[in-house]
Amino acid sequence: MKKKYKKNKNFNKNQTSFYFEDYLETNKKDKYFKENNFFQDRLYLLFFLFFSLILIFSIRILHVSLYDLELYDQNNISKKFNLLRRDIVDRNGILLSRNVKSFHAAINPNLIKNKENFLIKLRLNFPELSVKQIEKNLNKEKYFYLKKRITQSEKEKLWALGEKGIIFEPFQSRIYTHSKLFSHVIGQVDYDNYGISGVERYFDKELKNESLKNEPLELTLDTNIQHLISEELNKALITFQATGGGSLLIDINTGEILSLVSLPNFDINLREDLKDIKYINKITKGVYELGSIFKTFTVALALDSNIVKPHTIIPNIPRSINCSNHKISDIKEFPKDLSVEEILIRSSNIGTLLIARKIGEEKFKQFIDRTQILKSPDLQLEEVGNPIKFKWNKCKLETVSFGHGITTTPLQAVTVYASLANGGNIIQPNLIKNTKKNKNKKLISEKTSLEIVNILRKVVTDKDGTASLADIDGYYVGGKTGTSQNYENKNENLNTFISIFPSQKPKYALLVMLENPKVAKDLIYEYRGLKIKGTRNEAGWNSVYVAGKIIEKIGPILAIKSKDFNNHYVAENIN
């Protein structure tokens, strides 16, 4: 019997499942979970992005903080800044010359919006510039230079104007840290970094050598000593109203030049085109008649040739001698009989002339040739002079014997004095540290050298000597004076003093030269325990005085650096 099911009133013919209502509930829950998951994914993504940014910034900060430690490292800078020229330093490593990044200020007129306003700003901030010319250039609407080689302060002032049309063109500029101090030695470079004078020119290729860029060129000069000598020499120009002057300090054993000063000097950073002859390097290029400086050469040759000895008496010395058409005489009246050393101590022209006649012209010529005093000096500079050539005609032997009628450069004269005082060894002057140029040749014997140094010491210490003002305690100074006149103008003269110290074991030679000095009427001299006013215009009263002041200043520095010198200095003070 078939069962009959009761018809359900709620039965829907279209229902596909008995669980339809439960399915809808489940679907609603799935939808909720999907939306919730999507929201969480977005949070995770944002969190990840923020975390990544924080990590990146942290790494960057850490990197910068570590990198900054190397920013001022010289090796790191040189990698970024490719130097066109090497540095130049003194013997102690003090910087004298270096290439730095500099700028030219240029104008692009097309980027200047308000030209009138721009010109007003320039007029207010740079009154030295020609605004009219700048206005003409602006109207041409072509790129032009406002100012070349601007300073850092000028760059900052231009940048502060806020004009897009101002273009800063970078270039390498050569700067000289001591401006005037080494102007006649270091020289200059042009705008393209090519050496045009001094050491910059002589060593132009070496200074641009890529393989040596990190090795500075070391000079023999000492900045501290150069400063002290320059300071004293500048004072001397004022005190004695001199038109110029010069000084040279050299190590007599090595030939190394510790100081070279020529006045007037000039600021090599300004790169001015100086054509006035007064600005030449007076020590290496100036050619002069140095006067009685030459008497030492004559006496040295006579002693070395065994013609005379220091105490040999030259009898019956006349007040004057006629030689060809010339009359030669002494400025002062001397005793008729003088020893050889007295002739040099008192600086007698006639006495020196008589000694030269004993030597003879041929020997004298050979000696002059050995000194090379008539040749252009051998030094690492192109600014060197050429002594005036002359013929050994009548009376030349006599006049040359006391320094009349023969010319040379102060550098060569000092070099010969160095050879006379160092045991007789010929040396070559040198400007580059650790360069050996000496040829180990003899000018005179060691015995003669000792005799000459002893006589030069007496020129300073003897009551009849001409260089008493250079007798500085503890330094055993010896030397010889020289006073010469301009042939064309007797009011112009050159006063020179070459000193050697310490005389027990000579180490240094110092030249001091003054051009056209005047009598310092208000200067009080400490002369042999007395205070007196100057009345004479001779080397003994100006160049010698200045040399004494210089030695007093530089002596302590040299004593510290020189073991032998220091031993003598200590011994003197103990005694």
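Numerical summary
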read-out: Count of residues meeting criterion [closer than 30 Å to residue 508 by Cβ and in a strand (DSSP E or B)] in segment 165-194; value: 1
read-out: Top-ranked residue of segment 538-547 - restricted to ones that are of a type outside the set (Val, Ile, Thr) and more than 20 Å from residue 223 (Cα to Cα), ranked as modelled with the lowest pLDDT; value: 538
read-out: Residue tally, condition farther than 30 Å from residue 542 by Cα and in a helix (DSSP H, G or I), over segment 195-237; value: 11
read-out: Some residue of segment 457-467 being surrounded by 24 or more Cβ atoms within 10 Å (Cβ to Cβ) and either within 30 Å of residue 93 (Cβ to Cβ) or of a type in the set (Gly, Ala, Ser) (or both); value: yes
read-out: Criterion: surrounded by fewer than 20 Cβ atoms within 10 Å (Cβ to Cβ), among the hydroxyl-bearing types (Ser, Thr, Tyr) and in the same structural domain as residue 254 (by TED's automatic domain parsing) - qualifying residue of 449, 484, 503, 445; value: 445
read-out: Boolean, residue 238 is within 30 Å of residue 535 (Cα to Cα) and free of Cβ contacts under 8 Å to residues at least 24 places away in the same chain; value: yes
read-out: Qualifying residue in segment 172-180 (condition: out of contact with any helix residue (DSSP H, G or I) (no Cβ under 7 Å at 6 or more places or on another chain), surrounded by fewer than 18 Cβ atoms within 10 Å (Cβ to Cβ) and hydrophobic (A, V, I, L, M, F, W, C)); value: yes
read-out: Residues located in segment 363-396, provided they are in contact with a Ser or Thr (Cβ under 7 Å, 6 or more places away or on another chain) and acidic (Asp, Glu); value: 383
read-out: Residues that are among the basic types (Lys, Arg), part of a helix (DSSP H, G or I) and surrounded by fewer than 15 Cβ atoms within 10 Å (Cβ to Cβ), drawn from segment 116-156; value: 123, 132, 136, 140
read-out: Search result, residues across segment 211-234 that are over 16 Å from the mean Cα position of the chain (by Cα) and among the small types (Gly, Ala, Ser); value: 211
read-out: Test: residue 189 is of a type in the set (A, V, I, L, M) and modelled with pLDDT under 95; value: yes
read-out: Residues satisfying the stated conditions in segment 148-189, i.e. without any contact (Cβ under 8 Å) to a residue 40 or more places away in the chain and among the β-branched types (Val, Ile, Thr); value: 151
read-out: Index of the failed condition, residue 372 passing every other in (1) surrounded by fewer than 16 Cβ atoms within 10 Å (Cβ to Cβ); (2) farther than 22 Å from residue 459 by Cβ; value: (1)
read-out: Looking only at segment 425-465, and only at residues there that are among the basic types (Lys, Arg) and part of a loop (DSSP other than H, G, I, E, B), the one that is nearest to the chain's Cα centre (by Cα); value: 433
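Yes/no matrix, rows are residues, columns are (1) in contact with a Phe, Trp or Tyr (Cβ under 7 Å, 6 or more places away or on another chain); (2) at pLDDT 90 or above:
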position	(1), (2)
518	yes, yes
556	no, yes
560	no, no
564	no, no
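A quick yes/no check of all residues on (1) touching a strand residue (DSSP E or B) at 6+ places or on another chain (Cβ under 8 Å); (2) within 19 Å of residue 346 (Cα to Cα):
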position	(1), (2)
423	no, no
430	yes, no
433	yes, no
446	no, no
471	no, yes
474	no, no
477	yes, yes
495	yes, yes
509	yes, no
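The values are calculated or read from the model by the stated rules, or taken from the named source; none is laboratory data. Computed from a predicted model, the values in this text were never measured in an experiment. No Cβ is skipped: glycine too gets one built from the backbone with ideal geometry, and neighbour counts run over all protein chains shown.
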